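The values are calculated or read from the model by the stated rules, or taken from the named source; none is laboratory data. Since this is a predicted model, take the numbers as computed values, not measurements. A quick note on method: Cβ atoms are made from the backbone with ideal geometry, for glycine too, and the neighbour counts reach across all protein chains shown. Protein only, heavy atoms only, side chains kept; ligands, DNA and RNA dropped before computing areas. Shrake-Rupley method; radii C 1.70, N 1.55, O 1.52, S 1.80 Å.
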Amino acid sequence: MVAVCGSPGAGKTTVACATARRLGVPFLTRDEIKVGLGLSSASVAEDGGVQLNPDFHIAGGPLSLRAEAVMVNAARLLASSGVSFVVESSVLSRKLLDALLACDARVLAVHVVARDSVIGERLRARAAKGGGVDRQLSSQFQRGEMKRSIFDPPGGVDAVVEVDTSADGDPDIEPIEAAVVALIR
C-alpha cells in the first residue's frame with residue numbers, strides 16, 4: 001500500500017495519480033470521497049447549478065471528518081482483501097495507518113514536498129478559481145498557520161520516500177516504484 005501525504009499544494013494528487021497509474025493499482029483519495037459526500041447532500045441552486053452544503057467548504061469540518069472515516073473504511077476493506085492501492089490525504093492519520101497495519105499491510109509512505117514559494121503560488125492559483133476550501137488554505141498558508149510537521153508521515157510505516165515537486169513537469173515516480181519493489185521482496 002502506498003500512502004501519499006504532504007502539505008496542500010505540494011502536489012500529492014499529481015504524485016498519487018501518477019503512482020497508481022504506473023503501478024496499475026486503484027487510487028483512493030479523501031478529496032474525491034468528500035466531493036461525493038458533498039454531492040450526495042447537495043441541492044439545486046436558484047440558478048439551476050449545484051448548491052453544496054455550507055460544511056463542504058470548511059477544511060477539517062464535519063464533511064471532511066466523514067470523508068476521512070469513509071476513506072479509512074475503504075482502505076481497510078481493500079487492505080483486508082489483499083488489494084494493493086494508492087491512498088492520498090494531506091495527513092496520513094493514525095486511524096488510517098492503524099487500520100492498514102491491522103490488516104498486515106506493508107505501507108510505503110510517500111511524503112510530497114515543494115518549496116514554500118511553489119506551494120504558495122499553487123494555493124493562490126487554486127483559490128483564484130473560487131474554491132472555498134482553497135481560499136481558506138491559501139489564507140492559512142500566507143499567514144504561516146500551516147505547520148509543515150503535521151504533514152510528515154507518522155512512525156510505524158515500513159518505508160518512507162520523499163518526492164519534491166518544486167520543479168515543473170511530471171513527478172519522478174521511479175524512487176517510489178523502487179521502494180515498492182523492495183517492500184514486495
Any pair with Cβ under 8 angstrom, 6 or more apart, that starts in segment 103-128 at a residue that is over 14 Å from residue 144 (Cα atoms) and modelled with pLDDT of 90 or more and ends at one that is open to solvent by less than 20 Å² (accessible area, probe 1.4 Å) and basic (Lys, Arg): 112/12
Of residues in segment 17-41 being of a type in the set (A, V, I, L, M) and touching a residue at least 24 places away in the same chain (Cβ under 8 Å), the one nearest to residue 182 (Cα to Cα): 23
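Assess whether residue 149 counts as being in a helix (DSSP H, G or I), more than 16 Å from residue 110 (Cβ to Cβ) and at pLDDT 80 or above. Please lay out each step first, then the result.
Values: in a helix (DSSP H, G or I): yes; more than 16 Å from residue 110 (Cβ to Cβ): yes; at pLDDT 80 or above: yes.
The answer is yes for residue 149.
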Conditions first: (1) open to solvent by 40 Å² or more (accessible area, probe 1.4 Å); (2) closer than 13 Å to residue 113 by Cα; (3) small (Gly, Ala, Ser). Residue 169 passes all but one, so which condition is the exception? (2)
Of the criteria (1) at pLDDT below 90; (2) open to solvent by less than 20 Å² (accessible area, probe 1.4 Å); (3) assigned to a helix (DSSP H, G or I), which one residue 72 fails: (1)
Would you check if there is a residue in segment 17-30 being open to solvent by 20 Å² or more (accessible area, probe 1.4 Å) and at pLDDT below 85? yes
